[in-house]
Structures are given as structure tokens and as C-alpha cells.
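The values are calculated or read from the model by the stated rules, or taken from the named source; none is laboratory data. The model shown is predicted, which means the values in this text are computed figures rather than measured ones. With ideal geometry, Cβ positions are generated from the backbone for all residues, glycine too; neighbour counts draw on all protein chains shown. Please note that ligands, DNA and RNA were not included when accessible areas were found on the heavy atoms of the full protein model with its side chains. Shrake-Rupley method; radii C 1.70, N 1.55, O 1.52, S 1.80 Å.
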Amino acid sequence: MKLSKLLNIVIVMSVFLFSACSTEEEDPQVSSDLVFHLQIDGERDSRATVDGSWTVGDIIAVQVGTTVKKYIVKDESGKAEGLDKANTFNWDDLGSSSVTVKAWSYGGKDIIDDPSGATITLQEDQSDDTNYYGCDLLYAPEVTVNMDEPAVLTFYHQMTLVRINLRVEDTNITGIPKVLFGGDYGLPEGTAIYSAPANGANPNYGSFAKNEQIETMINITPHQEDWPPQGYDYSYSAFFLPLEQPTLEISVDMNDGNVFYYFWDNANQNPFQAGSRITLNLTIKNKQLSLPSNESMPVTVADWNV
């Protein structure tokens, strides 16, 4: 009899414990972690390997107040969570219903230091996907995030993107073109000191200053695009530092003995601005490389969001 009562007690306790576990599983504690949705102003086509979206696994640096933590991109829509528990901002720990946030990303690199004041160096061989992507400096200016609202960070391209669309009209010209920016003379600057966006005329973009301590002449091999625009045979893109380039030399080696040069003189303007995108439409015809005379806008300079 005593044994029977003991078994009944054990069974009752087991049912109680199982019921408690089931209730806990059905009603999990809601996380108070600060999670972000990332978006990029304008085109995202600089991300060569993922064709227009964030790269899953990219690390971005997020600063709340004076503390910087690493967040990781979880999916192509741009959802970002803390890399681990130590790198996660939590509303309970923050002790506030709103916080000031800014963030940055530099080609998906595992960075934590604010790029403001840092020396930015161009990759010379941007034909490689990783090198090309690695030049894309993005900055999300300071915003206020409220606990009861979606946390959205908008990133802005800080570099200048130059795109060459190339058409070959000479039927006796063959080969796969190798395009080089800088040619025989090279580009005057491959490094610059970056200053982050600040309140002013254009608070979404920072500024670049020539690094007087490092003076190098470089050439840039651009990244070849998979899909040139209609009417063109090839398309190439490269990142530039937003510094004045009075003359840009472009060489096209067809690898069949023909090498063509074009000098784009923009001394009367400075289109190499932070967040600008320059497109040049070029044609090989009559044994020369030139801007097409039958197009109304052979050179366009626009913001990334156009």
C-alpha cells in the first residue's frame, strides 16, 4: 500500500514537471536584443559576388553611444544581429527606450574601428571579386532608434564608382579587351584620409583628403560586369577615391596587337565626389577609342540612387 502511494506521488510529480516544461516551451521569453534592418541608398551592384544584395555573413560595426559592437548580416534582405552575446546590444542593458546609432561597413571586412580619420587605400586589381567588393566603403550616419519601432540603418556609398561601357565597331579588331585606368601615367593618389559624415550641406557623405605622407602612382584594373547595357559589348567598373582627377587616362588592350587610349579631361569640373557614379560610353572605331558622337549623353555623373 505504501509502495502504491509512493508511485502515485511520483507519477503526479512527473505530470506536473512535464506540464511546466511544456508551458515554458509554448511561451518562450521575448528577446529584447537590438536587431537592425540594413538598407543601402541607391544601387547595390558594387557587391559583385551577390548580385544586388547584402552578403550573408558580412560584418558591420554598430556604435551605440560610445560603444562599438560587431553585427552580422543574417540574410540578403539585410537583417543584422549581434555576432555573439558579447556583441549584441540589449534594450534591458541599455536602460533606455531610445538610443543614438551609427554604423559602417568596408567591403565586408571584419572591422570595428570607426573609419573616420583612417587611411583608405584602393585595391589596384579590382578585376577580382573580393578586391572589388573590398573597396566599397559604406557609412550609416547617426540616427535615433526607438525601442518600439523597427530599427533601420541606411548606408551610403562613400566612394566614387567609375563605369566604362565599351562598344567595338571595327570588324577587324578582335580579342578580349583588357581595360586599365591610369595608363602610362597612373593615378596620382591611391590613399586618402577619410572623415565621417557630419551635419552640414550633405550629412550622408564624408570627405576625403590627400594623404601627404603617402604619395603613390597606381593603375586600376577594373571589374568586368557580367551584363553590359544594351548596345555595348563590354562593361567595366572600378572604385576611386573621391579626390580630384583632372585627367583620367583609359587604355584598352585588345590582346591582338591593338592598344587604344582615351584621355578624359575633366579639369573644369570635379565629378569625383563621395557617393557619385560616373559612366563613360566609349567606342572603338576608325582605329581609335572615343566618345560616341551620336549619343546625347556619352558621359554621365550621378548619385548612386539614380
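Rounded to the nearest 0.05, what FRET efficiency do Val152 and Lys85 have when you use their Cβ-Cβ distance and R0 = 30 Å? Here the calculated transfer efficiency is 0.80. By a 1.4 Å probe calculation restricted to protein chains, His37 has an accessible surface near 70 Å², given to the nearest 10. Placing a label point 7 Å from the Cα of Ser31 along the Cα-to-Cβ direction, the residues of the range 78-121 whose backbone N falls under 13 Å from that point are 79-91.
At R0 = 41 Å, how high is the FRET efficiency between Leu291 and Val143 if r is their beta carbon distance? Nearest 0.05 is fine. Present the calculation step by step, with values, prior to reporting the outcome.
Numbers: r = 41 Å, r/R0 = 1.01.
That gives a FRET efficiency of 0.50.
Here Lys69 sits with roughly 40 square angstrom of accessible surface, probe radius 1.4 Å.
When a/c is below 1.5 the answer is rounded, else prolate if a/b is larger than b/c, else oblate, so apply that to the range 168-306 with a ≥ b ≥ c taken from the square roots of the Cα gyration tensor eigenvalues.
prolate
Using the eigenvalues of the Cα gyration tensor, what equivalent ellipsoid semi-axes result for the range 69-149 when each is taken as the square root of five times the eigenvalue, whole Å, largest first?
Working: eigenvalues 163, 41, 26 Å².
The three semi-axes for the range 69-149 are 29, 14, 11 Å.
For Tyr205, the solvent-accessible surface computed with a 1.4 Å probe is close to 40 Å², ligands and nucleic acids excluded.
For the range 51-91, the alpha-carbon radius of gyration amounts to 1.19 times the rule-of-thumb value 2.2 N^0.38 Å expected for a compact globular protein.
Here is the P(r) of the range 49-192: all C-alpha pair distances, binned every 5 Å from 0, give 2, 8, 15, 19, 16, 12, 9, 7, 5, 4, 2, 1, 1, 0, 0 in whole percents. Were the residues from Gln230 through Ser116 laid out at 0.36 nm apart, the gain over their Cα-Cα distance would be 37.1 nm. When only the Cβ of Lys, Arg, Asp and Glu is charged (+1, +1, -1, -1), the dipole of the range 205-306 relative to its Cα centre reaches about 160 debye. Taking all protein chains together and a 1.4 Å probe, the residues Lys102, Lys210, Lys178, Lys85 rank Lys85, Lys178, Lys210, Lys102 from largest to smallest accessible area. A 1.4 Å probe run over the range 86-239, with the rest of the protein chains in place, finds 47 Å² accessible per residue. So what's the net charge close to Glu142: Lys and Arg +1, Asp and Glu -1, counting the other residues with Cβ under 13 Å from its Cβ? Result for the local shell: 0. Remark: the range 66-203 carries a charge dipole of roughly 120 debye about the Cα centre, counting +1 on each Lys and Arg Cβ and -1 on each Asp and Glu Cβ.
What do you reckon, how do Met297, Met254 stack up by accessible area (1.4 Å probe), largest on top?
The most accessible residue leads, giving Met297, Met254.
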